[in-house]
Amino acid sequence: MSDEASNKLNRRKFLGAATLAGASALAAGQSFAQASKDAPKPDPLITEVQDWQRYLGDGVDKHPYGMPSKFEKNVIRRDVAWLTASAESSVNFTPLHALDGIITPSGLCFERHHSGIAEIDPAQHRLMINGLVDKPLVFTMDDIKRMPRVNKIYFLECAANSGMEWRGAQLNGCQFTHGMVHNLMYTGVMLKTVLDEAGIKPNAKWLMLEGGDAAAMNRSVPIEKALDDCMIAFAMNGEALRPEQGYPLRAVIPGWEGNLWVKWIRRIEVGDQPWQTREETSKYTDLLADGRSRKHTFIMDAKSVVTNPSPQAPLKFKGRNVLSGLAWSGRGSIKRVDVSIDGGRNWQSARIDGPVIDKSLTRFYVDFDWNGQEMMVQSRAMDSTGYVQPSKEELRKVRGVNSIYHNNGIQTWLVRANGETENVEIG
Ligand SMILES: Nc1nc2c(c(=O)[nH]1)N[C@H]1C(S)=C(S)[C@@H](COP(=O)(O)O)O[C@H]1N2
Ligand SMILES: [Mo]
């Protein structure tokens, strides 16, 4: 049977199933300590002294820079070899299914490079500002670190995130379908502060941001956005940027597609129109159904995904379970997230927990009781503008299937009776 046919069949079988509202009514007296019921009795892990209790552990001189426990060795960025021709011009993915809260650990942020990671000595890094300015300037890293700084938490999403899913369910894991996103606390200087130093001319309309990597990647950003909330950041999660993320300096363009967040930034040219160069062909263009393309699609619309359960994180036990996921919007904050377990007929509001910040990932949960029924799990985000995340069907009606970019459609996971979970599409 083809995958498509089997998905249809599963959907038919599923129609009589209960809603999450029904499923979430916890059976009276049911314990959370259900997994331990299968342990031998008496349980040596309770009655015997273990090695880690018997021997001295590593001293404070063993790990000058800490790493995760060896038992977490599967929690890593992963790539999909067949997606791109070379690892230097490629992408890897954040393991969303294995993370919690809203901040992405620095070593697990997805990477997207056009010409690999530039290795730059900060003492030799320069940021130049030229074009329509009163005084062209060159900043060293030391200069930038003497300017007033700010701390902000933002998501960065590549416009190609979920791009492989436009024509149908393809990659089996939220790491691969949604993992081109990370969420970090940035420390740096407002771009406005840097621009004010140079003094921008009245006819300035666009900035060209240029990277110091071998791609010399550049993108054009309208001046209104640049003066509003953009930053030049030198730190992430409290320490220097990682080389992968643009060390020693990157642009932060909140809520807008990742492509604009130029890494290893070395030059800002102020102009009166968008920059037209060969390099800007690396710009992302949305192809529409009729063959035309959308010119500038900068903002990342509201989106969400259930990270647990998902194909890499199946359900292991009946009874009490935690469904969890992430929601975000480039237009503001997340107001509400609804979750369905019957493929979008019935919805229940999820519990949002942790900080709810503009243009940041937001964490949601549903604490529910699973009786082993098959489920079609979906989540739907609503942002502070009232925008509601569309279904993939709705999205395709407007945008066709020729796009790669800006796919913010609702994701469906089929959870089978044995807990295994698959990427499927309804309809
Ligand atoms: N200089 C430079 N900046 C760059 C890129 C690049 O290849 N070179 N890739 C862009 C793209 S397409 C994305 S999605 C983001 C990815 O940021 P990350 O690697 O921190 O995840 O960086 C952007 N900035
Ligand atoms: Mo990107």
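The values are calculated or read from the model by the stated rules, or taken from the named source; none is laboratory data. Since the structure is predicted, the reported quantities are computational estimates derived from the model, not experimental observations. Glycine also receives a Cβ, built like all others from the backbone with ideal geometry; neighbour counts cover every protein chain displayed.
Which one of GLY238, GLY211 is crowded, with 23+ Cβ neighbours inside 10 Å and of a type in the set (Gly, Ala, Ser)?
Being crowded, with 23+ Cβ neighbours inside 10 Å and of a type in the set (Gly, Ala, Ser) holds for just one of GLY238, GLY211, which is GLY211.
Which of the residues spanning the range 186-202 are among the polar types (S, T, N, Q) and not in a strand (DSSP E or B)?
THR193, the sole residue that qualifies.
Could we say that GLU244 is in contact with an Asp or Glu (Cβ under 6 Å, 6 or more places away or on another chain) and either over 24 Å from GLY354 (Cα atoms) or away from ligand 1 (no atom under 14 Å from the Cβ) (or both) here?
Spelling it out, GLU244 is indeed in contact with an Asp or Glu (Cβ under 6 Å, 6 or more places away or on another chain) and either over 24 Å from GLY354 (Cα atoms) or away from ligand 1 (no atom under 14 Å from the Cβ) (or both).
Take the residues in the range 137-171 that are closer than 23 Å to LYS359 by Cβ and in a loop (DSSP other than H, G, I, E, B), then tell me which one is nearest to ligand 1 (Cβ to nearest atom).
Step by step, filter the range 137-171, then rank; the result is CYS158.
Tell me, which residue of the range 16-49 that is part of a loop (DSSP other than H, G, I, E, B) and hydroxyl-bearing (Ser, Thr, Tyr) is modelled with the lowest pLDDT?
That would be SER24.
For (1) closer than 16 Å to GLY246 by Cα; (2) part of a helix (DSSP H, G or I); (3) touching a His at 6+ places or on another chain (Cβ under 8 Å); (4) more than 10 Å from ligand 1 (Cβ to nearest atom), each residue gets a yes or a no:
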site: MET67; (1), (2), (3), (4): no, no, no, yes
site: ASN74; (1), (2), (3), (4): no, no, no, yes
site: TRP82; (1), (2), (3), (4): no, yes, no, yes
site: ALA85; (1), (2), (3), (4): no, no, no, yes
site: ILE102; (1), (2), (3), (4): no, no, no, yes
site: GLY107; (1), (2), (3), (4): yes, yes, no, yes
site: PHE110; (1), (2), (3), (4): yes, no, yes, no
site: SER115; (1), (2), (3), (4): yes, no, no, no
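For the range 176-215, which positions are within 16 Å of ligand 2 (Cβ to nearest atom) and farther than 30 Å from THR421 by Cα?
LEU209, GLY211, ASP213, ALA215
Report yes if some residue within the range 166-175 is of a type in the set (Phe, Trp, Tyr), more than 30 Å from GLN378 (Cα to Cα), in the same structural domain as GLU111 (by TED's automatic domain parsing) and more than 14 Å from ligand 2 (Cβ to nearest atom); otherwise report no.
Looking through the range 166-175, none of the residues is of a type in the set (Phe, Trp, Tyr), more than 30 Å from GLN378 (Cα to Cα), in the same structural domain as GLU111 (by TED's automatic domain parsing) and more than 14 Å from ligand 2 (Cβ to nearest atom).
Can you run down the residue pairs with Cβ atoms below 8 Å, 6 or more apart or on separate chains, where the first is in the range 178-192 and assigned by TED's automatic domain parsing to the domain that holds ASP100 and within 29 Å of ASP79 (Cβ to Cβ) and the partner is among the acidic types (Asp, Glu) and outside any helix (DSSP H, G or I)?
Close Cβ pairs (under 8 Å, with a partner that is among the acidic types (Asp, Glu) and outside any helix (DSSP H, G or I)) amount to MET180/GLU157; VAL181/GLU157.
Considering only the range 203-259, give the strands (runs of 3 or more DSSP E) lying wholly within it that have at least 1 residues that are under 20 Å from ARG149 (Cβ atoms) and within 19 Å of the chain's Cα centre (by Cα).
231-236, 250-252
Could you please give the count of residues in the range 253-273 that are within 16 Å of THR193 (Cβ to Cβ) and either more than 10 Å from ligand 1 (Cβ to nearest atom) or not assigned by TED's automatic domain parsing to the domain that holds GLY199 (or both)?
Of the residues in that region, 3 qualify.
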